[in-house]
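**Q** My structure is below; once you've seen it, I'll send some questions.
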Amino acid sequence: MESFALLYRLFESPSLAQNRLSSFNVSKDMSLSEKSVFGSKIIASKTHEFVLRGLYANYIQKLAKHRPNLYTYHISTTSIMNSKKHQIVIVGGGFGGVKSALRLAEDGRFHITLISDSDSFDFHPALYRTATGGKRKISSIPLAEVFNEKRITIVRDKVVLIDRKIHSLKTKNGQIFSYDALILSIGLVTNYFGINGLSELSYSMKSLEEAEEIKNHLHKQLFDDHRPDLSYVIIGGGPTGVELAGALPAYLKQICIRHGLKPREFHIDLVEAAPRLLPNLPKDLSAKVTRRLRKLGIKLYLKTPAQAQTIDSLIINSKPIRSHTVIWTAGVANNPFFTENQFQLASNKKVRVDQYLQAEPGIYVIGDSADTPYSGMAQTALHDAVTVTNNLIRLADKKLPLPYVAKKPIYITPVGKYWAAVLWGNIRLYGKIGWILRRLADLIAYHDFQPWLIATKRWLSEDDEEESCPQCADNLANSVFLDTKLD
Ligand SMILES: Cc1cc2nc3c(=O)[nH]c(=O)nc-3n(C[C@H](O)[C@H](O)[C@H](O)COP(=O)(O)OP(=O)(O)OC[C@H]3O[C@@H](n4cnc5c(N)ncnc54)[C@H](O)[C@@H]3O)c2cc1C
């Protein structure tokens with residue numbers, strides 16, 4: 001009931017209203033909660049005519065009718081709702097942003113602009129597969145395809161500045177976008193914690209491009225000199241590091257076969273600073289994952305922080321592990337946009353949000369960037385998007401918004417083929433059943449963004465292979481040809 005409280009505070013007496021409102025002038029910043037109601041600008045003109053503008057103007061007007069004693073001043077309301085569509089600007093073409101856009105596009109009262117610095121939506125859970133021989137299409141969907149025939153304006157640009165006074169955003173290319181409500185879902189960036197050499201020399205896996213870079217590197221090592229780099233190091237025992245470590249041994253063997261090399265003994269090390277893998281999981285499940293990785297031949301270094309990287313080694317415990325392939329999955333930081341634009345941050349550097357996921361009135365921050373209990377998961381970003389879009393629709397319907405209720409995600413971590421660890425509430429599962437659940441979860445997640453038929457086709461290709469390395473591509477084409485002939 002925050003909205004009522006705020007209205008009462010603003011208009012409970014004529015003198016208070018006059019004091020509060022007449023002291024404002026049109027050019028003053030009114031985006032702070034004291035001076036606005038859920039993002040509605042309150043503008044006091046020189047004639048003491050108070051004009052409410054914004055998404056909630058209709059709602060406030062309705063309230064004014066029912067409680068005339070609250071409004072002893074002449075208040076005129078102009079509603080952008082009657083005159084034109086709500087301008088909703090969504091920044092970020094990832095889980096939270098795309099889901100928000102798709103939901104709001106169903107409602108003709110909104111005009112949606114989605115600004116993203118990438119042309120595609122990256123489906124992060126499948127990146128490890130693409131890095132280890134899987135298809136590009138399972139990890140990335142062009143935004144134009146996701147929004148096919150939807151009433152959404154897609155803008156490829158990077159948002160750099162927010163001007164709260166005039167409710168607008170500026171992009172790197174100098175474009176300006178005005179908004180009535182803004183949804184920021186711009187995710188995290190890789191953080192190397194200042195460890196020497198890592199940012200220049202290591203590989204990371206936060207986008208399709210990075211996943212492909214890893215894959216190309218693995219091949220190049222073999223293709224260039226027929227001498228595989230036998231030692232591989234992954235830093236980070238979270239889900240990304242574990243998934244990649246689990247998939248790497250089988251893929252390296254496969255590359256060797258395709259390149260006509262004798263099977264070799266590979267060394268794959270997983271380095272983690274914490275005492276155990278997957279700290280989000282209970283100890284027993286984390287222990288199962290540890291055992292599974294060891295079974296796949298992965299050497300684990302726990303309680304071992306990375307100290308530095310050189311051109312041919314990673315330094316741990318003040319000693320080098322020789323490798324030309326160090327993959328960093330251990331650190332992320334909030335998008336620097338938020339500090340650059342003076343957002344209030346919590347101690348974990350995520351953006352403080354209220355019970356409606358607003359950082360400030362009318363500015364919603366969702367997904368990985370927001371300080372919510374389960375931030376950092378795609379499922380949370382999707383849930384956040386549902387909460388915020390439901391509330392925008394409610395407000396457009398002149399209903400009060402509903403507070404956010406955090407939803408515990410289901411944790412599913414695949415470790416090698418046909419094996420995954422699952423934490424679903426208090427239920428722990430692992431092995432093949434876990435793998436089946438993961439596959440089902442992927443199908444549902446693809447369908448979050450595309451119709452069933454297209455989502456199912458994409459999902460069915462999760463096991464397919466795709467190679468850009470000419471030798472492997474040839475090999476793959478021949479084996480497909482042979483398979484077809486044998487059929
Ligand atoms: C390898 C990997 C595997 C994962 N696996 C899982 C999993 O199995 N299950 C799970 O629940 N979660 C998983 N996650 C986490 C999940 O991907 C994130 O929680 C989710 O992507 C967060 O959604 P988001 O919308 O906040 O950000 P993102 O999906 O990261 O989207 C951010 C978008 O904003 C754009 N952007 C950034 N800055 C700007 C700017 N200034 N202007 C314009 N655009 C900008 C980016 O290009 C990107 O499109 C995984 C993450 C990774 C990296």
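The values are calculated or read from the model by the stated rules, or taken from the named source; none is laboratory data. Note that this is a predicted model, so its numbers are computed, not measured. Using ideal geometry, Cβ is built from the backbone for each residue, glycine included, and neighbour counts are taken over all protein chains shown.
**Q** Is there a residue being within 25 Å of Gly246 (Cβ to Cβ), touching a residue at least 12 places away in the same chain (Cβ under 8 Å) and within 16 Å of the ligand (Cβ to nearest atom) anywhere in region 293-302?
**A** Within region 293-302 (the criterion being within 25 Å of Gly246 (Cβ to Cβ), touching a residue at least 12 places away in the same chain (Cβ under 8 Å) and within 16 Å of the ligand (Cβ to nearest atom)), the answer is no, since none of the residues qualifies.
**Q** Turning to a different aspect of this structure: When region 374-391 is examined, which residues are found to be within 18 Å of Lys85 (Cα to Cα) and buried (at least 24 other Cβ atoms within 10 Å of the Cβ)?
**A** Once the filter is applied, which keeps residues that are within 18 Å of Lys85 (Cα to Cα) and buried (at least 24 other Cβ atoms within 10 Å of the Cβ), region 374-391 yields Val388, Thr389.
**Q** Residues being under 13 Å from Val91 (Cα atoms), more than 9 Å from the ligand (Cβ to nearest atom) and not hydroxyl-bearing (Ser, Thr, Tyr): count how many of those fall in region 157-168.
**A** Residues flagged as under 13 Å from Val91 (Cα atoms), more than 9 Å from the ligand (Cβ to nearest atom) and not hydroxyl-bearing (Ser, Thr, Tyr) within region 157-168 amount to 2.
**Q** Does region 309-351 hold any residues that are more than 16 Å from the ligand (Cβ to nearest atom) and assigned to a loop (DSSP other than H, G, I, E, B), and which are they?
**A** Correct list: Ile311, Asp312, Asn317, Ser318, Ser323, His324, Gln344, Ser347.
**Q** Still on this model: Please give the number of the condition Asn216 fails out of (1) within 22 Å of Val388 (Cβ to Cβ); (2) more than 11 Å from the ligand (Cβ to nearest atom).
**A** Of everything listed in (1) within 22 Å of Val388 (Cβ to Cβ); (2) more than 11 Å from the ligand (Cβ to nearest atom), Asn216 misses just condition (1).
**Q** Follow-up. Going by the structure shown, is Leu443 hydrophobic (A, V, I, L, M, F, W, C), within 12 Å of the ligand (Cβ to nearest atom) and outside any loop (DSSP other than H, G, I, E, B)?
**A** no
**Q** Could I ask something else about it? Could you pull out the residue among Leu314, Leu300, Leu357 that is of a type in the set (A, V, I, L, M), touching a strand residue (DSSP E or B) at 6+ places or on another chain (Cβ under 6 Å), buried (at least 21 other Cβ atoms within 10 Å of the Cβ) and closer than 27 Å to Leu201 by Cα?
**A** Leu314
**Q** Taking region 171-186, which residues are crowded, with 24+ Cβ neighbours inside 10 Å and small (Gly, Ala, Ser)?
**A** Ala181, Ser185
**Q** Related question: Please determine whether any residue of region 331-346 is aromatic (Phe, Trp, Tyr) and touching a Ser or Thr at 6+ places or on another chain (Cβ under 6 Å).
**A** no
**Q** Report, by residue number, each residue of region 95-106 that is surrounded by fewer than 21 Cβ atoms within 10 Å (Cβ to Cβ) and either near the ligand (Cβ under 10 Å from one of its atoms) or modelled with pLDDT of 95 or more (or both).
**A** Residues satisfying the conditions are Leu102, Arg103, Ala105.
**Q** I'm told Leu345 meets every condition in (1) under 21 Å from Ser202 (Cβ atoms); (2) without any contact (Cβ under 8 Å) to a residue 60 or more places away in the chain; (3) surrounded by 15 or more Cβ atoms within 10 Å (Cβ to Cβ) except one. Can you identify the failing condition by its number?
**A** Leu345 satisfies all of (1) under 21 Å from Ser202 (Cβ atoms); (2) without any contact (Cβ under 8 Å) to a residue 60 or more places away in the chain; (3) surrounded by 15 or more Cβ atoms within 10 Å (Cβ to Cβ) except (1).
**Q** If we keep just the residues of region 81-94 that are within 21 Å of Lys398 (Cβ to Cβ) and touching a helix residue (DSSP H, G or I) at 6+ places or on another chain (Cβ under 7 Å), which is modelled with the highest pLDDT?
**A** Top of the filtered list is Ile88.
**Q** A further question follows. State yes or no: is Glu200 under 22 Å from the mean Cα position of the chain (by Cα), modelled with pLDDT of 90 or more and not hydrophobic (A, V, I, L, M, F, W, C)?
**A** Spelling it out, it is not the case that Glu200 is under 22 Å from the mean Cα position of the chain (by Cα), modelled with pLDDT of 90 or more and not hydrophobic (A, V, I, L, M, F, W, C).
**Q** Another question about this same structure. What's the number of the only condition in (1) of a type outside the set (Asp, Glu); (2) more than 15 Å from the ligand (Cβ to nearest atom); (3) surrounded by 22 or more Cβ atoms within 10 Å (Cβ to Cβ) that Gly367 fails to meet?
**A** Of everything listed in (1) of a type outside the set (Asp, Glu); (2) more than 15 Å from the ligand (Cβ to nearest atom); (3) surrounded by 22 or more Cβ atoms within 10 Å (Cβ to Cβ), Gly367 misses just condition (2).
**Q** Now for a separate question. How many residues does region 403-421 hold that are free of Cβ contacts under 8 Å to residues at least 60 places away in the same chain and either under 23 Å from the mean Cα position of the chain (by Cα) or part of a helix (DSSP H, G or I) (or both)?
**A** 10
**Q** Ok, one more. Can you work out which of the residues in region 133-152 that are within 12 Å of the ligand (Cβ to nearest atom) and not in a strand (DSSP E or B) is nearest to Tyr418 (Cα to Cα)?
**A** So, considering only residues that are within 12 Å of the ligand (Cβ to nearest atom) and not in a strand (DSSP E or B), the one nearest to Tyr418 (Cα to Cα) is Ser139.
**Q** Sort out which residues of region 111-132 are surrounded by fewer than 23 Cβ atoms within 10 Å (Cβ to Cβ) and more than 12 Å from the ligand (Cβ to nearest atom), and write them in order of number.
**A** Once the filter is applied, which keeps residues that are surrounded by fewer than 23 Cβ atoms within 10 Å (Cβ to Cβ) and more than 12 Å from the ligand (Cβ to nearest atom), region 111-132 yields only His111.
**Q** I'd like the full set of residues that are assigned to a loop (DSSP other than H, G, I, E, B) and over 23 Å from the mean Cα position of the chain (by Cα), limited to region 160-172.
**A** Listed by number, the residues that qualify are Arg164, Lys165, Ile166, His167.
**Q** Quick test of your reading of the structure: Leu248 fulfils all but one of (1) buried (at least 22 other Cβ atoms within 10 Å of the Cβ); (2) under 20 Å from the mean Cα position of the chain (by Cα); (3) farther than 29 Å from His111 by Cα; (4) not small (Gly, Ala, Ser). Name the failing condition by number.
**A** Unmet condition: (2).
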